[in-house]
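Working notes for the structure below.
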Amino acid sequence: MASSIKQRRNTLTALFFLAPNIIGVLTFVVFPVLFSILLAFTNWDLRKHNMFKDESLEFVGFENFVRLLTEADFMRYLGNTLFLMMGIPVSIGGALFAALLLSKDSHGGNRRVFAWLATSAVLVASCAMLAAVGMAGTGMVILLTGVAAGIMITGVFGGMTVYRTLFYTPHFVAGVATFLLWKKLYNPQTGPINAALQPVLDVLATSVNAVPPPTVYALTWGCLGLMLALAAWCMNWLRAQWRDGEIGTQAAIVPCVFVLLPTVIGLLWGQTQGLAWVLLIGLAAFGGWQMIQITTRGRDFTCPRGEGFGSSLMICLAVMVLQFIALGFAAVFLNLPGMAADGLDAPEWISNYDWAKPSLMIMGLWAAIGSNNMLLYLAALTNIPPELYEAADIDGASRRQRFWHVTWPQLAPTTFFISVMATIGGLQGGFEMARTMTQGGPAGATTTLSYFIYIEGFETGRLSFAAAVAWALFILVFGLTLFNWKFGNKYVND
Amino acid sequence: MKYFFLIVFLLLILASVGLRLSAPDVQSEVPVTYWVTDPNPARIEQINRFHRWLIKNGHVKEVTVTTPTEARQLRARVPETLADDVIAMQPEASAVLGPDPDTSKLPMTIRLPICEMRTDAANRDTGKQVIQGVSGVAGDVMDVWTGAGQVQYFEAIGLIENLTEHATAMGFDLSQTFPALETELSANGEQYAFPCNVATQMLWVNRATFARFGLPAPPQQWTFSEFESFGKRFVDAANPEGQRRLFFFCNHVDTNDMIRSLGLSFYNETMTRCDLDDPRYAEVLELKYKWTYVDRLLPTKADQNSFDTASGYGGVSAQLFNRGNYAMLKSGRWMLIQLRKFGELDLALAEQPHGGFRNMRIGSRAAVVYKGGAHRDKARLFLAYLASADYNHLIVDDADALPPNPAYVDSEAYLKPPKYPNEWDVHNVFSRTAQTIAIGGSFSPYVLDSIARRHITQAEDAFMNDKLTAEEAGEQATARVNAEIERTLKENPALRDQYEQDVARQKKIDALRAQGKPVPLDWIDNPFHRVYYQAQGWAE
């Protein structure tokens, strides 16, 4: 009895001390979230409803949601958000790469140390000479790039903590400060990026002008061929998996849409419209070949229709991204002789409509590589049991095999967690960048959904519409997270 | 552990109480009012003069001090800066409020201003003002830039007080300022603001820059083609062949002024429709594009960014003008605050180039009174102060744009400041243009200016980035702004009747214009069209 009273008293004491926090969360988190749901279904407009205006609030059902789905701006800004999110796989890869570098046992022999020192000396001397002749910006970029390349090639020699801190710097420097820094880096005339890029582009322009245009156009066809090869490989892989009963029929067919998407875009895009028919014919040929194979050889094992959907989707998405990159290069090579005739100019980055989004994406990559993701990977790498590597060594595994068959599967839960969080962060992000660097411009090119919510809520006063956009964003985040959970989690556990 | 938590909890409560007790409102002898404005150092003197103006005009709180203890307590409750103002108006008060108190002069009655004004430079952002305003905690007086349609937005939300009656009673009604500002300071025919200063933006000319390249100074008035040919001569002379362009003819030209000079406005006469799907708008966009990317008379955004980096953080236009990178600088009279730092520049002014109809946009940094403020009566006094001779003279002396009241621009002190003879050619031009060719902004009651401006800017940006043709940009801007008008009407059905009436009136105007007949002036709401119709002889 006495202990029960004491327990109750302890509970009450705990609740008493927790009360400020609980009340804070209820007041400033739970209530606003619930209230914003209601808000999204009303016509709340600051111009009509606030402490000075008492027009009655009306329930408008799904009107705000219908409006946002039919409004061009929402779709456009969603497109901007998704575009910026295309950097997520690269940023995750970068974080993993950084973690691998920073956990690498690289205390090599004397020859490596000597090579590293000699290279460093040459690098520093070259950069000092560049600075002396008034090309300090170029020198700095070359120095930084050289150091990064040196670390990547030979690993880190001592000072691991320093390097780890340096890599993590972007995460603990205030966002606005880094955005202003990047704004200066991106400066088209005086920024160090263009200072380093312009000489390279000058050499490229001279080289392109020196060779006959058909030689450059051949690279266009090479890129289109690469696209085709990727699509063919992907279809072949899907059929092989389907035949072996690793994936179901649905999982083999539905994700193919993503493999076809770059070809469709290539047909619609003015730059490659005239060439993409080759892709279409090639794809039709490969598709027909696969159909013949399926019809004549059938499958060896069966499985449920949706089995392996996540794996096949991931592969198809990865192939799609690579195809898009190849398509972009095809367009570049197609236009290169014409562009190089008058010399190639370095981009105007955030001032230019076409470059503004990639500029923000590159900056995002820089920030994401040295972020919490890198720390998570570092922690996960240290948790991999050394016995697994010893077993792999005994089996004669190469370094590549050690990575694919030991490290990568062991990191799967971490990768899954990072992917989920990065997807959520990507959909919600972009506000600070847009507000600080571009004000959403030029021509709305860098306006993301989070910035759109701010504009609608506080620059135009349409709070209910802003709430509807916020909830649409939540639904997207929730849907993608569920999808990740359903397919990715299964993949991790497998 | 729980005792530790308890102690922390109690300490937090004590800290909260301490914080509250140290709040200016609690500590000060008189109520503290806040003016949300920019961090311009000139605001300090403007506030000091306000305190003195309050005392001079009898807006005081009289405190009788009889004992040394009371004197000490009062001294603790009157901030030093306020005490200086009190002593300036009542020198004997230094016996109580001064650095060397003299209790032998007690008892004494001290006349304190009825409020202490402080600046709040951290909340100038519109978003912050709106959020704080609808939460009941905005500043008592807020600065707004009239050209951005903030007065209309704040009025629509209900944040600001209708000043019409108070302004008439207290002497800061619209008759006390430039007539062209009427649409900028009012909404729905009621006054909501009074200017802190008035701005017409002209092109500053540094004659020395032109002389440096062997060119004469440009004329004060010029057409588009004259501007272009003059500009080409300048940039060709100033920029060596084959090198990065560092010298530009002008930093900026305004689209709105340019289309107005062709007889076009963002909106039609009754402001029921956006009118930018017009060849004249396309013509102006194409000119701007040509001047920026082909002739290189104006800097691109990338050029501007480069200048920012090369010259340090912010506010570089004046330095670039002084160095000759900008032969001309589009700005108001307030730019003199910066230009005076460079010594005796050989200054002149030019109007923005026109397509036939000379005009200039007038704007203002105006003060509004927050409707939810606890000290609205004191805030209104501040607006009365803005209309006073004390304040206007201060603006004249500081060159902080034009003073709110045009009566003060005819004085010798304004026209020929003795310390700055190099400026004697410019002051008169500013005041004359503000009173002759200046026109206020066109704000449709059916769409917020911030929304319309966003769509128009996006279309212009798309054109400047080669994503749309000039015609398409005009069509896109028009379609989007008109769609917003439709949306506003749907969201506010109460506006529908007025809109229908305005549309019907617009049809009558169009019919009369088609027949070549004059139109009754009071049919026209758009301030630009009112002036334009009169200038063309189309108004009845």
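This table checks each residue for (1) more than 13 Å from A:LEU46 (Cβ to Cβ); (2) surrounded by fewer than 18 Cβ atoms within 10 Å (Cβ to Cβ); (3) away from chain B (no Cβ under 14 Å); (4) among the polar types (S, T, N, Q).
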| position | (1), (2), (3), (4) |
| --- | --- |
| A:ILE453 | yes, no, no, no |
| A:PHE458 | no, no, no, no |
| A:ALA466 | no, no, no, no |
| A:ALA470 | yes, no, yes, no |
| A:PHE478 | yes, yes, yes, no |
| A:LEU482 | yes, yes, yes, no |
| A:LYS486 | yes, yes, yes, no |
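Looking only at the range A:360-391, count every residue that is polar (S, T, N, Q) and crowded, with 18+ Cβ neighbours inside 10 Å and tell me the total.
Applying the first criterion (polar (S, T, N, Q)) to the range A:360-391 yields A:371-373, A:382-383.
Now drop any that are not crowded, with 18+ Cβ neighbours inside 10 Å, which leaves A:371, A:373.
Qualifying residue count, the range A:360-391: 2.
If I go through the range B:399-417 residue by residue, how many of them are part of a helix (DSSP H, G or I) and among the hydroxyl-bearing types (Ser, Thr, Tyr)?
Summing the residues that are part of a helix (DSSP H, G or I) and among the hydroxyl-bearing types (Ser, Thr, Tyr) in the range B:399-417 gives 2.
Quick one: is B:LYS378 assigned by TED's automatic domain parsing to the domain that holds B:LYS416 and touching a strand residue (DSSP E or B) at 6+ places or on another chain (Cβ under 6 Å)? Break it down stepwise before answering.
Values: assigned by TED's automatic domain parsing to the domain that holds B:LYS416: yes; touching a strand residue (DSSP E or B) at 6+ places or on another chain (Cβ under 6 Å): yes.
Spelling it out, B:LYS378 is indeed assigned by TED's automatic domain parsing to the domain that holds B:LYS416 and touching a strand residue (DSSP E or B) at 6+ places or on another chain (Cβ under 6 Å).
Looking at B:LEU19, is it of a type in the set (A, V, I, L, M) and more than 14 Å from chain A (Cβ to nearest Cβ)?
On the way: of a type in the set (A, V, I, L, M): yes; more than 14 Å from chain A (Cβ to nearest Cβ): yes.
Yes; evaluated as a whole, the condition is true for this residue.
Of everything in the range A:300-349, what is among the charged types (D, E, K, R) and surrounded by 15 or more Cβ atoms within 10 Å (Cβ to Cβ)? Give them in sequence order. Before the answer, list the steps.
Let us first name the residues in the range A:300-349 that are among the charged types (D, E, K, R), namely A:300, A:305, A:307, A:342, A:345, A:348.
Once the filter is applied, which keeps residues that are among the charged types (D, E, K, R) and surrounded by 15 or more Cβ atoms within 10 Å (Cβ to Cβ), the range A:300-349 yields A:GLU307, A:GLU348.
Restricted to the range B:241-282, and to residues that are among the aromatic types (Phe, Trp, Tyr) and under 17 Å from B:ALA350 (Cα atoms), which residue is surrounded by the fewest Cβ atoms within 10 Å (Cβ to Cβ)? Spell out how you get there, then give the answer.
Residues of the range B:241-282 among the aromatic types (Phe, Trp, Tyr): B:247-249, B:266-267, B:281.
Subsequent filtering for residues that are under 17 Å from B:ALA350 (Cα atoms) retains B:248-249.
Values: B:PHE248: 28, B:PHE249: 25.
My answer is B:PHE249.
Taking helices (runs of 4 or more DSSP H) that fall entirely within the range B:245-357, which contain at least 2 residues that are touching a Lys or Arg at 6+ places or on another chain (Cβ under 7 Å) and in contact (Cβ under 8 Å) with a residue 12 or more places away in the chain? Spell out the reasoning first.
Working: elements: B:255-261, B:279-289, B:301-311, B:317-323, B:336-339.
The qualifying helices (runs of 4 or more DSSP H) are B:255-261.
Could you say whether any residue in the range A:53-63 is within 10 Å of chain B (Cβ to nearest Cβ), in a helix (DSSP H, G or I) and closer than 30 Å to A:THR447 by Cβ?
Yes - at least one qualifying residue is present in the range A:53-63.
Counting only residues that are assigned to a helix (DSSP H, G or I), modelled with pLDDT under 85 and of a type in the set (Val, Ile, Thr), how many does the range A:297-329 have? Walk me through it before giving the result.
Step one: list which residues in the range A:297-329 are assigned to a helix (DSSP H, G or I), which gives A:297, A:309-329.
Still in the running and modelled with pLDDT under 85: A:297, A:309-315, A:317-318, A:321.
Remaining after also requiring of a type in the set (Val, Ile, Thr): A:315, A:321.
The total comes to 2.
Would you tally the residues in the range B:275-306 being modelled with pLDDT under 85 and touching a strand residue (DSSP E or B) at 6+ places or on another chain (Cβ under 9 Å)?
So in the range B:275-306, the residues modelled with pLDDT under 85 come out as B:301-306.
Within this subset, residues satisfying the condition of being touching a strand residue (DSSP E or B) at 6+ places or on another chain (Cβ under 9 Å) are B:303.
Matching residues across the range B:275-306 total 1.
What's the total number of residues in the range B:125-160 that are within 20 Å of B:CYS115 (Cβ to Cβ), surrounded by fewer than 19 Cβ atoms within 10 Å (Cβ to Cβ) and at the interface with another protein chain (Cβ under 10 Å from one of its Cβ atoms)?
1
Somewhere in the range A:424-436, is a residue within 17 Å of the chain's Cα centre (by Cα), within 24 Å of A:GLY175 (Cβ to Cβ) and without any contact (Cβ under 8 Å) to a residue 12 or more places away in the chain?
yes
The values are calculated or read from the model by the stated rules, or taken from the named source; none is laboratory data. Because the structure is a prediction, the values reported are computed rather than measured. Heads up, the Cβs are rebuilt from the backbone with ideal geometry, glycines too, and the neighbour counts pull from every protein chain shown.
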